[in-house]
1. I'd like the residue in the stretch 1-41 that is of a type in the set (Lys, Arg) and touching a residue at least 40 places away in the same chain (Cβ under 8 Å) and, out of all such residues, is surrounded by the fewest Cβ atoms within 10 Å (Cβ to Cβ).
2. Search the stretch 237-257 for residues being of a type in the set (A, V, I, L, M, F, W, C) and either assigned to a strand (DSSP E or B) or crowded, with 16+ Cβ neighbours inside 10 Å (or both), and hand back the single one that is nearest to ligand 1 (Cβ to nearest atom).
3. What pairs come up if the first residue lies in the stretch 224-244 and is touching a residue at least 12 places away in the same chain (Cβ under 8 Å), the second is among the basic types (Lys, Arg) and buried (at least 24 other Cβ atoms within 10 Å of the Cβ), and their beta carbons are under 9 Å apart, counting only those six or more places apart or on different chains?
4. So which residues in the stretch 235-260 are within 13 Å of ligand 2 (Cβ to nearest atom) and under 14 Å from residue 289 (Cα atoms)?
5. Show me the strands (runs of 3 or more DSSP E) entirely contained within the stretch 259-327 in which 2 or more residues are among the polar types (S, T, N, Q).
6. Take residue 283 and decide whether it is more than 30 Å from residue 212 (Cβ to Cβ), of a type in the set (D, E, K, R), out of contact with any Leu (no Cβ under 8 Å at 6 or more places or on another chain) and near ligand 1 (Cβ under 8 Å from one of its atoms).
7. Could we say that residue 388 is exposed (fewer than 13 other Cβ atoms within 10 Å of the Cβ), out of contact with any Leu (no Cβ under 8 Å at 6 or more places or on another chain) and polar (S, T, N, Q) here?
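The values are calculated or read from the model by the stated rules, or taken from the named source; none is laboratory data. On a predicted model such as this, the values are computed, not experimentally measured, just so you know. Cβ coordinates were reconstructed from backbone atoms using ideal geometry, including for glycine residues, and neighbour counts include every protein chain displayed.
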Amino acid sequence: MPDTIAAISTAIGEAGIGIVRMSGKGAIDIGNKVFQGNKYTKLIEADNRKLTYGHIVDEKKQPIDEVLIAYMKKPYTYTREDMVEIYCHGGIIPVRKILEILLSNGARLAEPGEFTKRAFLNGRLDLSQAEAVIDIIKSKTEKSLRVSFDQLEGVLSKEIGEIRNILLSMIAHIEVSIDFPDEDIEEVTFEELGKDATHVIHKIEELLSTADRGKVLREGIDTVILGKPNVGKSSLLNAILREKRAIVTDIPGTTRDIIEEYVNIDGIPLKIIDTAGIRDTEDAVEKIGVDMARDRIDSADLIIAIFDSSRDITDEDYEIISMIEDKKSLILLNKTDLPSKYTIEFLQNLVGDKEIISTSISKGQGIGLVEDRIKDMFYSGKIQSDSSVVVTNIRHKNQLEKSLINIKSAMKDIERQVPLDCIEVDLRDCWENLGEISGDTVGEDILDKIFSEFCIGK
Ligand SMILES: Nc1nc2c(ncn2[C@@H]2O[C@H](COP(=O)(O)OP(=O)(O)OP(=O)(O)O)[C@@H](O)[C@H]2O)c(=O)[nH]1
Ligand SMILES: [Mg+2]
């Protein structure tokens, strides 16, 4: 990667400042060409890593914008390459124009995540730390920021490194025993191998036990509000968001589109989705909305199904009960302020052991309870604020699961006392699968996929 990359690193829009940055061999040369300072004519005359005042000029030496600029010489930079950062006015046009000038002077537009990819390839970060960078940028609550930051600081890398070291020492002992059987070296015993393998299994299982919690923190709980028309779905969305986000009327079929919002419930990000009321309808637009609601059920982590106690149970209600049969769900019996047509016990009989909460959403009753139950369902009340390792990334979880299979298979062979080289195969697989988390043993295709999820300029 000899070329010099450039990108706008701040969000596009109107703002006080915008940052354009470059990384690579030619970064400082290009900086020299486009910069015109009051004190220095060339960027390189200024001090390394210090901000310098001046202007970015075009090919006719016409000033484009007033800027502060800094160059940073490798290796003490984010990418471990020479870097230049330009702080200009944060409007759409100034940042674009400056980027354009950098490109016309020989830089290439950076791909999404390419700065961080270079940081990884040049050994500044391991892969799990690089992934933490995007998680920090995308974090939705302070708690998710916390676990991502810990990951960037290397808590997961350290844990994975420790497990891989145990595996490596097991492999080394086996190799010595195989390669130098006649020499006076103490042979590895099955008992020792068994002890180490048990330790590895325990450590991997411990990491995996955090993965559900981690996924919730990273991605939020995908929650779909479901019910027939007019039961109070949009009212619930508004109540949880504490704002009038969705239209609420007494006309059945008010909501036709999918409405998605994020809300923070005590540090847990909840992605909450209001849907069109489920019913058979001739209205073409409403029909699309109803189909979209059905589609969301599969991918949801949680369904909040609402029933209206002031009206009789209908076929639509029965359909909803069958739709959520196998899903994690919370059931609300709403409008309990009105005279009821059926009891909570009647509904309980229909939904089996799913939990029902009585609510009167328009009167604000039961909302706190709903939020508490969601928290309990996904977090069992134990949110750690210390720096205990949490696996947040599905890729990491998959690798841990693969390595657990490897080490368990090795354990079986150790117990059966099979030849050492057979055991070694599984240990090596385990070591490599864990190595994909830190990026020690990872293919180009996986790297491309990971960094394509980044934003440009990071
Ligand atoms: N009495 C009473 N009315 C409620 C309650 N909750 C909601 N409503 C009313 O019920 C009507 C329908 O509420 P919405 O929130 O629009 O219902 P919805 O399920 O989103 O309806 P669609 O979008 O048509 O599917 C509105 O007039 C609300 O004010 C409640 O607990 N008690
Ligand atoms: Mg609605």
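1. Residue satisfying both the conditions and the ranking: 25.
2. Pass one, the stretch 237-257, residues of a type in the set (A, V, I, L, M, F, W, C): 237, 239-241, 246-248, 251.
If we keep only those that are either assigned to a strand (DSSP E or B) or crowded, with 16+ Cβ neighbours inside 10 Å (or both) as well, we get 237, 239-241, 246, 248.
On the way: 237: 8, 239: 9, 240: 12, 241: 13, 246: 7, 248: 4 Å.
That would be 248.
3. 225/233; 226/233; 227/233; 231/335; 232/335
4. Scanning the stretch 235-260 gives 252, 253, 254, 255, 256, 257, 258, 259.
5. none
6. no
7. Numbers: exposed (fewer than 13 other Cβ atoms within 10 Å of the Cβ): yes; out of contact with any Leu (no Cβ under 8 Å at 6 or more places or on another chain): yes; polar (S, T, N, Q): yes.
Taking the combined requirement at face value, the residue satisfies it.
One line per residue, one yes/no per condition, for (1) of a type outside the set (Ser, Thr, Tyr); (2) in contact (Cβ under 8 Å) with a residue 40 or more places away in the chain; (3) under 30 Å from residue 392 (Cβ atoms):
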residue: 43; (1), (2), (3): yes, yes, no
residue: 70; (1), (2), (3): yes, no, no
residue: 100; (1), (2), (3): yes, no, no
residue: 103; (1), (2), (3): yes, yes, no
residue: 107; (1), (2), (3): yes, yes, no
residue: 124; (1), (2), (3): yes, yes, yes
residue: 133; (1), (2), (3): yes, yes, yes
